[in-house]
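The values are calculated or read from the model by the stated rules, or taken from the named source; none is laboratory data. Because the structure is a prediction, the values reported are computed rather than measured. These accessible areas exclude ligands, DNA and RNA; they are computed on the full protein's heavy atoms, side chains included. Shrake-Rupley method; radii C 1.70, N 1.55, O 1.52, S 1.80 Å.
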Amino acid sequence: MSIQTAIDAYLRDARELLGTGAAPGNSRRPRTDMRPAQPHSWIGSAADSAGATADRLDNDRGKLGSAHDRATQALDAAASIAHDAHAGMTTIENAWHSDKLALGPISNTPQGQAALLQAGMQRVSETQSLVFGVTTRFGALATNVGDAITELPTPLDAETSTPPEDTPADADE
């Protein structure tokens, strides 16, 4: 395999590793501003229980809205990272193409082969640096999304915040 073929394949594989660069679709934010209405005529433990449930649901809606906002920010940042990665890869590929054109007339000589190898090693190094930077940025985003996920309400939250069921003494109220 020639130096050119090996470097071409390496750059092609790096481009494939970076994906298509297409931004994921952005979803609408769920409505978190509407609290369920509680009938004004309700009184007693049923009203208290409904109020506590409404409060918990309102809190959960706030957590969901916040997590959605963080996920949307991560999607936007991911699109920016992908765009930057593809632009960087294009720059490296164009530089390699220029290297091959410039060294083409002497590429069959030992000096030409050495110069082509040196230019190829430079492009490989640039590609490795680019891919490392992209993975670092995506890793930071993944951490942010993971943090947002830990703040989401869970069914266990509902179980621990549900008021105790009415006891027979409460039912007489």
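What the Cα atoms of the range 66-117 give is an Rg and a Dmax of 19.8, 63 Å. Over the range 68-159, the fraction of Cα-Cα pairs per 5 Å bin, rounded to whole percents and listed from the shortest bin up, is 3, 12, 16, 14, 11, 9, 9, 7, 6, 5, 4, 3, 1, 1, 1, 0. Accessible area per residue was computed with a 1.4 Å probe on protein heavy atoms; Leu117 scores about 80 Å².
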